[in-house]
Amino acid sequence: MPDQYKQCIEACYLCAAACDNCAASCLEEENLEMMRECIRMDMQCANICRLAAQFMTLKSEFAPALCQLCAEICQKCGDECGQHQHDHCQACAKACHHCAELCRQMAA
């Protein structure tokens, strides 16, 4: 498997884990209403990242299209998380933006 695939698959799984952690941590924050969109995006992003990684691992012909969608969702999730000052949100935003970048390269 090419290094580009390996790097993107790894970024997807790391992003999914960061999103899961962010969502769980957001649920413990005091102002839950403010975190609602962050949690919603975290859940969607974690799922699409795992699916994209799985399709790349399967060498599916649909992987590039899925990576393009994954990049869009990662970007939106990263932008949302980046608005919050919590450490878990900032770490998640960084993982999402990195994953979005690698997924865009895979989709190209």
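Note on A108 and K94: the model spin-label points, each 7 Å out from Cα along the C-beta direction, lie 2.4 nm apart. With viscosity 1.002 mPa s and temperature 20 °C, the Kirkwood radius over alpha carbon pairs of the chain converts through Stokes-Einstein to a diffusion coefficient of 161 µm²/s. For the chain, the longest principal axis of the Cα atoms and the long axis of helix 63-82 meet at an angle of about 20 degrees. Ordering of 41-54, 15-28 by packing is 41-54, 15-28, highest average first (other Cβ atoms within 10 Å, averaged per residue). Each stretch of four or more DSSP H residues adds -39500 (n - 2.57); spread over every residue of the chain, this sum gives -29500 deg cm²/dmol at 222 nm. Compute the helix-to-body angle for 32-57: its Cα long axis versus the longest principal axis of the chain, expressed 0 to 90° and rounded to tens. Approximately 10 degrees, to the nearest ten. Loop-resident GluC sites (Glu not before Pro) (DSSP state other than H, G, I, E or B) in the range 60-108 with no more than 14 further Cβ atoms inside 10 Å of their Cβ: E61.
Can you figure out the FRET efficiency of Q68 with M34, using R₀ = 25 Å and their beta-carbon distance, to the nearest 0.05?
Values: r = 30 Å, r/R0 = 1.22.
With a Förster radius of 25 Å, E is 0.25.
Here, each number is a calculation from the coordinates, and none is a lab measurement. Just so you know, these numbers come straight off a predicted model, no measurement behind them. As a convention, Cβ positions derive from the backbone with ideal geometry for all residues, glycine included, and neighbour counts pool all protein chains shown.
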